[in-house]
Amino acid sequence: MSTAAPVTLVTGGNRGIGRETARRLAGLGHTVLLSARRPENAEQAIANLAPGVRGALVPCRLDVTDADDVRALAHRVEEEFGRLDVLVNNAAVNYDTSRRAVSVDLDEVRRTLETNLFGAWRTTQAFLPLLRQSPHPRVVMVSSESGSLETMSGGTPAYGVSKAALNALTRKLADELRAERILVNAVCPGWTATDMGGPGGAPVGQGAAGVVWAATLPDSGPTGGFFQEGKPFAW
């Protein structure tokens with residue numbers, strides 16, 4: 001099956017910023033593959049969203065730490081759509097605010113990197129052939145202020161290091177894919193009131209807005225940047 005609507009994959013799309021990003025992009029006319037590690041979570045997320053966009057939301061299973069899972073979904077997208085227009089690497093784990101770099105269990109750090117860095121890397125590599133079939137390909141890395149070297153302090157070691165590494169990956173991919181006009185950018189949603197961010201943060205819609213902005217950039221838009229609310233953010 002082919003579609004004229006942009007085809008978008010949102011990893012970790014069953015809650016928080018991922019779910020709101022999926023909802024907004026579907027509202028803009030995208031066919032959004034809303035993925036979660038458990039298919040029932042993706043289905044429930046779609047059921048809880050506004051009825052007006054359900055037809056544009058497709059639930060799918062995706063564990064970004066599982067190479068077979070990633071390949072299987074890439075094959076499904078190829079069979080059903082023949083391309084991918086937007087990849088939003090949103091899946092992330094372990095906002096480890098109680099940990100310290102001097103004492104954190106390195107196995108915990110490795111598990112965090114497996115999702116937050118290698119998951120995004122693995123998924124991007126797998127979907128690159130399909131992004132190359134798009135007339136306007138975009139890759140969005142959902143990063144964090146925790147990954148900014150300019151403002152980085154102690155604490156939150158696994159999460160912060162994983163997001164700093166994700167920012168580095170953004171720069172590498174953007175430069176290597178520039179000639180193919182695949183725009184690759186990182187976005188800091190800011191402190192947002194989600195299950196991971198906890199209470200007190202900005203509304204989830206505010207955090208998702210910057211992700212949607214990067215996902216819908218014109219062909220003349222930037223690549224290899226780090227942004228918050230559409231404005232450059234300190235690396």
- Task: Residue by residue through region 10-48, note down the ones that are within 21 Å of VAL70 (Cβ to Cβ), among the basic types (Lys, Arg) and surrounded by fewer than 24 Cβ atoms within 10 Å (Cβ to Cβ).
- Result: ARG15, ARG37, ARG38
- Query: Can you name the number of the only condition in (1) closer than 27 Å to THR112 by Cα; (2) of a type outside the set (Val, Ile, Thr); (3) not in a helix (DSSP H, G or I) that ALA5 fails?
  - Reply: (1)
- Contact list, first residue from region 62-74 and within 18 Å of LEU84 (Cβ to Cβ), second anywhere and aromatic (Phe, Trp, Tyr), beta-carbon distance below 7 Å, six or more apart or interchain, is ALA74/PHE127
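Given ASP85, ASP63, ASP69, which one is under 27 Å from ARG23 (Cα atoms), acidic (Asp, Glu) and surrounded by 21 or more Cβ atoms within 10 Å (Cβ to Cβ)?
Details: ASP63 fails: surrounded by 21 or more Cβ atoms within 10 Å (Cβ to Cβ); ASP69 fails: surrounded by 21 or more Cβ atoms within 10 Å (Cβ to Cβ).
Just one listed residue meets the conditions, ASP85.
Checking the structure you have, find out if any residue of region 52-65 is among the polar types (S, T, N, Q), out of contact with any Leu (no Cβ under 8 Å at 6 or more places or on another chain) and at pLDDT 95 or above. Steps first, answer last, please.
Residues of region 52-65 among the polar types (S, T, N, Q): 65.
When the remaining residues are screened for being out of contact with any Leu (no Cβ under 8 Å at 6 or more places or on another chain), the result is 65.
Then keep just the ones that are at pLDDT 95 or above; that gives 65.
Looking through region 52-65, at least one residue is among the polar types (S, T, N, Q), out of contact with any Leu (no Cβ under 8 Å at 6 or more places or on another chain) and at pLDDT 95 or above.
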- Would you point out which residue out of THR124, THR151, THR65, THR97 is within 18 Å of ALA36 (Cβ to Cβ) and polar (S, T, N, Q)? THR65
- When residues of region 85-139 are limited to those that are in a loop (DSSP other than H, G, I, E, B) and hydroxyl-bearing (Ser, Thr, Tyr), the one farthest from PRO189 (Cα to Cα): SER103
- Note on the structure: Scanning region 125-141 residue by residue, those out of contact with any helix residue (DSSP H, G or I) (no Cβ under 6 Å at 6 or more places or on another chain) and either small (Gly, Ala, Ser) or closer than 15 Å to ALA92 by Cα (or both) turn out to be SER134
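The values are calculated or read from the model by the stated rules, or taken from the named source; none is laboratory data. As the structure is a prediction and not an experimental result, all values here were calculated from the model. Positions of Cβ are generated from backbone atoms using ideal geometry, with glycine treated the same way; all protein chains shown enter the neighbour counts.
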